[in-house]
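In what follows, a single structure is set out as structure tokens and then discussed.
Bear in mind these aren't lab numbers, they're just calculated from the coordinates by the rules spelled out. Worth saying up front: this structure is predicted, and the values here are computed from it rather than measured. All Cβ positions, even for glycine, are placed from backbone atoms using ideal geometry, and neighbour counts span all protein chains on display.
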Amino acid sequence: MKKLALVVHGGAWAIPETAAEACREGCRRALERGWALLGQGGSALDACEQAIIELENDPIFDAGLGSHLNRDGRVQLDAILMDGRTLKAGAVAAVERVRNPVHVARLVLDRSEHIMLVGEGAEQFAVEAGVSLCNVSELVIAREVELWYKLKNEGPTAPGRRRPSAGTVGAVACDAQGNLAAGTSTGGTACKYPGRVGDSSLIGCGCYADNRAGAVSATGYGEAIMKVVLAKSASDLLAAGLAPQVAAERALAVLRERAQGTGGLILVDPQGRVGATFTTPHMAHAFRTSDSAEAVVRL
Ligand code: ASP
């Protein structure tokens, strides 16, 4: 039996003191939900999906319920899951009526010949796969409406200036068979242009998994992350033999140098070694491996 490992994150940003405990608690719960599966012989894919569903359902994070609103005051969600054994991924982007986009991403992974579906087509696929759509207002919370009014009155963002964004979520895992998986889910950046898709749901940018290299989930400013294909870059460093923590630090250094971006990464390699690092003030994250009886939860 291989070493088990699960890492989850709740986004790389400046977490205010008032949100710190809720972020920690959210990560702890997500880790527990994923670990309950992994510990009983469940697959890395199932563990990542279930951990991310827990994070999407928690309004403290910018994924699923409580996501940032776009410029038109609507929630548009992006998510991906990737299987390191087959390199198949399932992704959805710009969906508006889906409570758990990572679950639809899983259905795309399992049942579709395609890797990514967007907008109405993704919602149509979800319905055909048996998922009931929600009302758009069900994903909106008061905190985000307040933020939206504030940002809207500030006017358009100067090109290259980052809109605040908080709490994208992700998970990476290694199961008893030695299979790796990764997933990422987000509401994207606050007041983003309608139809904007960031890095999170793009294979190789916000997420990558390859049994021969490692599994990676990224968070940070999507327009910078996409430029350096961050998750695949980190995975290539793992394939070259770097330890996960070192690979993450090197990949984030490239993000800073080449794209002037900040962010965070969680990783696991085929030996079940984990890494988590960030160049933002905080990144809510939690991890556990079968080497230890306890989870580690950090900001
Ligand atoms: N990467 C996400 C996006 O650009 C945001 C984040 O991770 O904070 O959509």
Quote the charge dipole size of the chain about the Cα centre in Debye, to the nearest 20; the model charges only the Cβ of Lys and Arg (+1) and of Asp and Glu (-1). 620
Sticking with the crude label model, points 7 Å out along Cα→Cβ, report the distance from residue 291 to residue 152 in nm, one decimal please. 5.1
Hey, fewest Cβ within 10 Å first, where do 78, 46, 210 land in order? 46, 210, 78
Say each of residue 22 and residue 256 gets a label point 7 Å from the Cα, pointing the same way as Cα to Cβ; how far apart are those two points in nm? 3.0
Under 20 Å between C-alpha atoms is the cut-off here; go through the chain and count lysine pairs that meet it, provided they're at least eight residues apart or on different chains. 4
Mean residue ellipticity at 222 nm from the helices of the chain, using -39,500 (n - 2.57) per DSSP H segment of n ≥ 4 over the full residue count, to the nearest 500 deg cm²/dmol? -11000 deg cm²/dmol
With +1 assigned to the C-beta of every Lys and Arg and -1 to the C-beta of every Asp and Glu, and no other charges, what is the dipole magnitude of the stretch 169-299 about the Cα centre in debye, to the nearest 20? 320
Around residue 238, under 12 Å between beta carbons, what's the net of Lys plus Arg minus Asp minus Glu among the other residues? +1
Using only Cα atoms, locate the centre of the stretch 210-280 and the centre of the stretch 31-79, then give the distance between them in Å, rounded to an integer. 20
Once the other residues with Cβ under 12 Å from the Cβ of residue 138 are scored (Lys, Arg +1; Asp, Glu -1), what is the net sum? +1
Using θ = phi - 60° and the Karplus form 6.51 cos²θ - 1.76 cosθ + 1.60, what ³J(HN,Hα) does each residue of the stretch 232-247 get, whole Hz, x for Gly and Pro? 5, 4, 5, 5, 5, 5, 5, 4, 7, x, 6, 5, x, 5, 5, 4
In terms of modelled amide H atoms, which long-range or inter-chain residues lie less than 5 Å from the amide H of residue 181? 84, 173
Long-range HN-HN contacts of residue 221 with modeled amide H, under 5 Å: 262
Among DSSP beta bridges whose residues both lie in the stretch 45-146, state the antiparallel percentage, nearest 5. 60
Can you work out ³J(HN,Hα) from phi for every residue in the stretch 167-175, in order, using Karplus 6.51 cos²θ - 1.76 cosθ + 1.60 and θ = phi - 60°, giving whole Hz and x for Gly and Pro? x, 4, 10, x, 8, 9, 8, 10, 9
